[in-house]
Amino acid sequence: MSDRSRRTRSFLRFTPLLGIALLVYLLTTVKFSALAGNVKAIGWGMLVVLALGGFSHVVKTWAWRLTMLGEARNVSFGRTLGLRLISEAIGQLGVIGMVGGEATRVSLLGSGVSVAGAISSVTLDRGLFIIAGALVTIAGIVSLLFVVSVSHTLYLYASILVLALMCLLIAGAIAIQRKWPVLSGLARRGARIPWFRTWLQSNESTVRASEQRIMEFHHKAPGVFWLSVLLNILCHFLAIVEVYFILKMLRAPATLPSALILESLTKLINVAGAINPGNVGTYEGGNMVIGRLVRLSGTQGLLLALCRRMRGVFWAIVGGICLVWFSKRQRAAGVELKSQIETSTTTMPAEESRPSLSLCHTVFILAHDLPRDGQFEPALAKVATLPVLLRTILGVRRKERVRIIVVVGRGTGRRIRAELSATGRLLGDTEWMEIPVGAKLSSMLKTAGLNGGQVALIMGGSIYRPNLLRMLHEWNGEGGAIELVSSGKPIGLVALAPEMAADLAADSGSRIVNEVDLHDWITEKVDLHGTNLCPYREVDEESWQAITRSQDCVAAERKLDRWLVKSTDGIFARMNRRVSIPISRQLIKTPITPNMVSLFTLALSLVAGACFAFGGYWNCLTGAFLGVWGSILDGCDGEVARLKLQVSDFGCWLDTICDYLYYFVTFAGIIIGVLRSKEDPSLTGWSIAILAGAILTFIVAGIGRKRLSGDRPEQYLERWQKNAERRSAGLLIRMARHAEFVVRRCFLPYWILALALLNLTPALIYMAAIGANVAWIISLRSVISFSMRSNSAAAEAGA
């Protein structure tokens, strides 16, 4: 990589931090008493701003649907509205976000619209919106020249800008009229870049079809074209009304021409600050500057920008919810379609028909010879609403490629497979093997065809603690075999190294049928080779449960509840579990997903923050009670994920972001509420200290989570605690290990509630300012210390 590329990447990496620093500086330049007074003046008017933003999104969606022509009937208005919100949410990240948002719109539009139709409609929609914005910008700059007295230099620059925008509009009109091949020309030039050459060449026909639809849109349906243009202009007019309304609430000089000038110049600020993700800082600073042209104070210009940003953030959160929902629906539809296509069942294939697979783990889930109590089917017995066999199938799925083969009996295989498929959770790439009861394991391995990877054999009639399945998956093959036993007896969890698995497949003379026979065979092999490595790992009875009768399901449910308690849970977390686990037990009976629970707790945090912002004893007490309930429900998302086996990295990061937003919203609300009731200039510095400390803590903690836990983000706290307990971690980190519970979400809401009951909420500002800055210092020290230890350990291992 060249030095120029490194400098460019470094600049882009630090741009958001510079924007945040600029925003903090801007907050220090205004009088906090004036800022608090203007915030109080806005009040409930913020709901009107949010409503205007929502109506604008509806109008934009209507304009977009017009560009689809006849294909719009194949997709619902609700879906297109959700995709519009998703696009706008991703577009908050700057230029790259805008491109990614439009690509997301195309990819999630669905099969009801052709690829060429999706690309052309999204391109047309964005193009018409930009054209309408250019018209509004020209009108605003012309109004500036005639309404406001400006200097000769500014007059010259504004005239040149208007002329340039008009030339661009004329060029665009000529291109559409004469059908210039703009897209295909850009595609041909883009094909010169090695990264895009293959993709552009394979999609050349799609690009041309999209370009053809764009060029013919005005000629085929001129009425629809101009209606779409008018709707886009209406969207920009609603933005002008939004500015006018906010100025009225701030008791600033408000006229429609001044609102038009502010909106048009704001669009130029958005273009200039597109390189800054979220336009943080530059957007607020630009509004303070252009506000002076229409006699706004710096405080009023800053609040105008903050109100509009809050509206954008609100609808971006809604867009994020839509993204999670649509992505889940699309993934579920893909799995269902794949399971419908791959319906073949393996029934003792011939030697030459063995599947050819690359090196990977192969997991055999044995459900063909389970002990039965009358008509009771252990594989289909439900524990936490999921059949036992399905829990095992979902539990062995890892990020790395795993070949899952479910072995069922010929008499019960079809019924088992049909019932598991009916749940909608069955993995589409699961292989099925029907064999007679009492068949030898060697014949089963030979039939499936080994690929040189490790082999695991798991009994399908038991439930296991997740760490036991992870132990099999992460085993390095040392010693040839590993078997988990309880009191010396096998529990149905065995992993074999490739050589040992090949020996078992070739041992056609043996009568190895069940886990007891396999246990004896492993013992014989280990003694035969004379290895010093013991293949057995002892586990307690609490970590697994065999299901042979209906009464065993009750015991399994109780153990599952105990497995929900984490090793990192303290007293307050365990107290919350007493309430959250029964709630989670009811939630798993519904279609509610863990991510939905996380977003609900986020909404609860937002309401609690609003209560704090209103100020007063009873509002703060209400916010504190809502915070406690949010703390309790914060455990439900993880519990539902583990009960329904829906744990994911995305869910872990979403939960982390929701926790960060809880802290931010709660303390922001407390600051606003205290400032509304008390005019103390010293609180300004403390508030800035909270903001700066919180941002630094979030950034450093995110880096630490990535470095320390890697691809296992849910284990970050556990690994941090283990590292912090070592003597080599240093006195500061060891002290933090014993005091870190204070800032955790399971404890802090109770502390806030206690202070709210005593009417001591303002004291939280001083505590938070100190705590937030101590937290990022400890987090940074942890990242440096633990990273150095990891590097030295890796160097020693390499040596």
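The values are calculated or read from the model by the stated rules, or taken from the named source; none is laboratory data. What you see is a predicted model; the values in this text were computed from it and never measured. Cβ coordinates were reconstructed from backbone atoms using ideal geometry, including for glycine residues, and neighbour counts include every protein chain displayed. These accessible areas exclude ligands, DNA and RNA; they are computed on the full protein's heavy atoms, side chains included. Shrake-Rupley method; radii C 1.70, N 1.55, O 1.52, S 1.80 Å.
Between G488, G479, the distinction of being in contact with a Cys (Cβ under 9 Å, 6 or more places away or on another chain) and under 17 Å from P535 (Cβ atoms) belongs to G479 only. Scanning the range 564-593 for residues being crowded, with 17+ Cβ neighbours inside 10 Å and either assigned to a helix (DSSP H, G or I) or over 32 Å from the mean Cα position of the chain (by Cα) (or both) gives a total of 9. Counting residues in the range 79-88 that are at pLDDT below 80, open to solvent by 20 Å² or more (accessible area, probe 1.4 Å) and not polar (S, T, N, Q) gives zero. If the condition is being polar (S, T, N, Q) and within 27 Å of V243 (Cβ to Cβ), then the range 116-174 contributes T137, S143, S149, S151, T153, S159.
Taking only the range 426-448 into account, find how many residues are over 32 Å from the mean Cα position of the chain (by Cα) and modelled with pLDDT under 80. Number satisfying all stated conditions: 2. Filtered by the rule that a residue be surrounded by 19 or more Cβ atoms within 10 Å (Cβ to Cβ) and at pLDDT below 80, the range 643-671 gives G651, C652, L654. Summed over the range 599-618, residues that are assigned to a helix (DSSP H, G or I) and touching a Gly at 6+ places or on another chain (Cβ under 7 Å) total 10.
Against the criterion of being at pLDDT 80 or above, open to solvent by less than 20 Å² (accessible area, probe 1.4 Å) and over 19 Å from S114 (Cβ atoms), V30 does not qualify.
Before we move on, is T423 at pLDDT below 85, of a type in the set (V, I, T) and open to solvent by 40 Å² or more (accessible area, probe 1.4 Å)? Taking the combined requirement at face value, the residue satisfies it. Which one is most open to solvent (accessible area, probe 1.4 Å) among residues in the range 527-549 that are at pLDDT 85 or above and part of a helix (DSSP H, G or I)? Among those that are at pLDDT 85 or above and part of a helix (DSSP H, G or I), it is E541.
Annotation note: of L124, L145, L128, the sole residue that is among the hydrophobic types (A, V, I, L, M, F, W, C), in a helix (DSSP H, G or I) and either without any contact (Cβ under 8 Å) to a residue 24 or more places away in the chain or within 25 Å of T255 (Cα to Cα) (or both) is L145.
Take the residues of the range 392-413 that are part of a loop (DSSP other than H, G, I, E, B) and closer than 23 Å to A641 by Cα: which is modelled with the highest pLDDT?
If we take residues in the range 392-413 being part of a loop (DSSP other than H, G, I, E, B) and closer than 23 Å to A641 by Cα, then V396 is modelled with the highest pLDDT.
Taken over the range 470-490, residues that are closer than 10 Å to E538 by Cα and either in contact with a Lys or Arg (Cβ under 6 Å, 6 or more places away or on another chain) or among the aliphatic types (A, V, I, L, M) (or both) amount to 2.
Could you go through the range 454-463 and let me know if any residue there is in contact with a helix residue (DSSP H, G or I) (Cβ under 9 Å, 6 or more places away or on another chain), in contact (Cβ under 8 Å) with a residue 40 or more places away in the chain and open to solvent by 40 Å² or more (accessible area, probe 1.4 Å). No.
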